[in-house]
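Comments concern the structure below.
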Amino acid sequence: MKIVVLKFGGTSVGTIDRIKKVAKIITSYLKKKYKVIVISSAMSGKTNDLIKKSNNISNNFNPEEYDALLASGEQISCALIAGRLNHIGYKSRSWMSWQIPILSEGRHSSSRIIYINKSNIINYLKSGGIPIITGFQGVNNNNRIETLGRGGSDASAIMCAKFFNAKKCIIYTDVEGVYTTDPKILKKAKKIKIISYEEMLEMASLGAKVMQPISIQDARLNRINIDVKSSFINKKGTLITKRKNIIRNRIITGITSTKNDAKVTLVGVRDKPGVAASVFKPLSKNSINVDMVVQNISANGKETDLTFTIKAEDLYKTQKLIKKNMKIRFRSLIVDKKVSKVSIIGVGMITTPGVTYRMFQTLANHGINILVISTSEIKISVLINKKNINKAVKALHKEFKLNN
Ligand code: ADP
Ligand code: ASP
Ligand code: MG
């Protein structure tokens, strides 16, 4: 069976007119003799609206109910797509994760798909039907609905492509593909024709919302090529694939920025073994992800300052945990929500010396102060004042010749 998995994001199914357009895209693949499996996100704004409702009910909303609530958005869009396909004469129906089932595991709100039972969907495809499957959700072994983290429909699509052994996996979104930086922020951003899993994973993890990071991990593990393209206009998009398939001489492939980081500094903590571990243990137990970390060199050998970044939404909880942590002593706690992480990403930096210097010099030339630095083999991230994000992205985009 020649199967294609098509995933439509929130904006692509955001209005009735958009859904009608999506139905046309779906049927165009039938004409090319594909069996089509569709994954849909909720209509744009729907998931945010449901989150807001849960917050208005309780600031400690039950996690199982939170997932049951959030997953409902996808049920609406899938039923509407199937309804439209029926209207124009095609056999189609919606499938919730529990009806297939798509099994998931992990914490509520950040589960992962572990297995998809193929038989129901294969039989339906054989009967000429077009299954429209809810993205973003799975069912766990307690028969409760779980969601896969924001943007999780991407992961649903990749896992469907894996389990159904699809020939193609196409992510339809509201931009023409993956760009050198967010095209909604920088007009000069350029579409990337082909990008490696490794670079895409870094870009996604560092703020390029266009793909969910976990979906890229899954694609890489399972060697699934992904096409990212627009559902608005029919143009070639971006291919996400293994590094070996790519010949490119650019040093930097993309630039990302984040909007929701916070910086925490513990001033005057004791400089002795185990202190950092004592600070971070309760955070990790509470699923708070610590990102960048710096510890100043102790001037007197007794005290030091420890700075780290977290997601801004975790700031309140982090402050509470630090204040009640009896294992650590410090003089004061300083927090800053007006920070942003700007990163340059590219496999080219492995073989090119001087990239770090060029990045720092460019920021310096524009009067941008660097607060914290972190690096990996293929990325350099710096924390800067939020007000400088656009200036930094623009300057780096030019410096690394991504404008051309
Ligand atoms: P969907 O609803 O289709 O899943 P998302 O909103 O999750 O779409 O992701 C698409 C958005 O990602 C784009 O509208 C764009 O603003 C943003 N984006 C951020 N960085 C990039 C990038 N490097 N390339 C393309 N889009 C990006
Ligand atoms: N609807 C979910 C969200 O907004 C999943 C997705 O869009 O992929 O996060
Ligand atoms: Mg998305």
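The values are calculated or read from the model by the stated rules, or taken from the named source; none is laboratory data. Keep in mind the model is a prediction, meaning the values are calculated, not measured. Here Cβ is always computed from backbone atoms with ideal geometry, including for glycine, and neighbour counts include all displayed protein chains.
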Of all residues making up segment 181-203, the number that are near ligand 1 (Cβ under 9 Å from one of its atoms) and either of a type in the set (Val, Ile, Thr) or outside any loop (DSSP other than H, G, I, E, B) (or both)
5
Where Glu399 falls short, out of the listed (1) acidic (Asp, Glu); (2) within 28 Å of Ala277 (Cβ to Cβ); (3) modelled with pLDDT of 95 or more:
(2)
Per the filter on segment 1-20, residues surrounded by fewer than 18 Cβ atoms within 10 Å (Cβ to Cβ) and at pLDDT 95 or above are Lys2, Thr15, Ile16, Asp17, Lys20
Sole miss for Ile255 among (1) without any contact (Cβ under 8 Å) to a residue 60 or more places away in the chain; (2) in a strand (DSSP E or B) is condition (1)
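For (1) under 23 Å from Gly10 (Cβ atoms); (2) aliphatic (A, V, I, L, M), each residue gets a yes or a no:
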{"site": "Ile170", "(1), (2)": "yes, yes"}
{"site": "Val175", "(1), (2)": "yes, yes"}
{"site": "Tyr179", "(1), (2)": "yes, no"}
{"site": "Pro183", "(1), (2)": "yes, no"}
{"site": "Lys191", "(1), (2)": "yes, no"}
{"site": "Tyr197", "(1), (2)": "no, no"}
{"site": "Met200", "(1), (2)": "yes, yes"}
{"site": "Met203", "(1), (2)": "yes, yes"}
{"site": "Leu206", "(1), (2)": "yes, yes"}
Can you tell me which of (1) surrounded by 22 or more Cβ atoms within 10 Å (Cβ to Cβ); (2) over 23 Å from the mean Cα position of the chain (by Cα) is the one Ala364 doesn't meet?
(1)
Which residues, counting only those in segment 70-90, are of a type outside the set (Gly, Ala, Ser), away from ligand 3 (no atom under 16 Å from the Cβ) and either touching a residue at least 60 places away in the same chain (Cβ under 8 Å) or more than 22 Å from Ile116 (Cα to Cα) (or both)?
Leu80, Ile81, Arg84, Leu85, Asn86, His87, Ile88, Tyr90
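Could you grab me the full set of residues in segment 214-236 that are free of Cβ contacts under 8 Å to residues at least 12 places away in the same chain and either within 14 Å of ligand 3 (Cβ to nearest atom) or part of a loop (DSSP other than H, G, I, E, B) (or both)?
At the first step, the residues of segment 214-236 found to be free of Cβ contacts under 8 Å to residues at least 12 places away in the same chain are 221, 234.
Listed by number, the list holds a single entry, Asn234.
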Filter segment 225-259 for residues that are surrounded by 22 or more Cβ atoms within 10 Å (Cβ to Cβ) and among the hydrophobic types (A, V, I, L, M, F, W, C); the one that is farthest from Val5 (Cα to Cα) is Ile252
With (1) away from ligand 3 (no atom under 16 Å from the Cβ); (2) surrounded by fewer than 24 Cβ atoms within 10 Å (Cβ to Cβ); (3) among the acidic types (Asp, Glu) as the list, and Glu176 as the residue in question, which single condition is left unmet?
(1)
Enumeration of residues in segment 1-31 that are assigned to a helix (DSSP H, G or I) and among the hydroxyl-bearing types (Ser, Thr, Tyr):
Thr11, Ser12, Thr27, Ser28, Tyr29
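Name the residue, out of Ile133, Ile145, that is within 16 Å of ligand 2 (Cβ to nearest atom) and over 17 Å from Gln212 (Cβ atoms). Spell out the reasoning first.
On the way: Ile133 fails: over 17 Å from Gln212 (Cβ atoms).
Of the residues listed, the single one that is within 16 Å of ligand 2 (Cβ to nearest atom) and over 17 Å from Gln212 (Cβ atoms) is Ile145.
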Which residues, counting only those in segment 358-390, are in a helix (DSSP H, G or I), free of Cβ contacts under 8 Å to residues at least 24 places away in the same chain and over 26 Å from Val290 (Cα atoms)?
Gln361, Ala364
For segment 166-177, give me each residue that is in a loop (DSSP other than H, G, I, E, B), under 30 Å from Leu103 (Cα atoms) and within 16 Å of ligand 2 (Cβ to nearest atom).
Asp174
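When you check Ala277 against the structure, is it closer than 26 Å to Gly149 by Cα and out of contact with any Phe, Trp or Tyr (no Cβ under 9 Å at 6 or more places or on another chain), yes or no? Full working, then the answer.
Details: closer than 26 Å to Gly149 by Cα: no; out of contact with any Phe, Trp or Tyr (no Cβ under 9 Å at 6 or more places or on another chain): yes.
No: the conditions fail for Ala277.
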Could you tell me whether any residue of segment 122-130 is over 26 Å from Thr241 (Cβ atoms), more than 14 Å from the chain's Cα centre (by Cα), away from ligand 2 (no atom under 16 Å from the Cβ) and crowded, with 24+ Cβ neighbours inside 10 Å?
yes
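Restrict the check to segment 150-165 and report whether at least one residue is part of a strand (DSSP E or B) and in contact (Cβ under 8 Å) with a residue 40 or more places away in the chain.
First, pick out the residues of segment 150-165 that are part of a strand (DSSP E or B): none.
Within segment 150-165, not a single residue is part of a strand (DSSP E or B) and in contact (Cβ under 8 Å) with a residue 40 or more places away in the chain.
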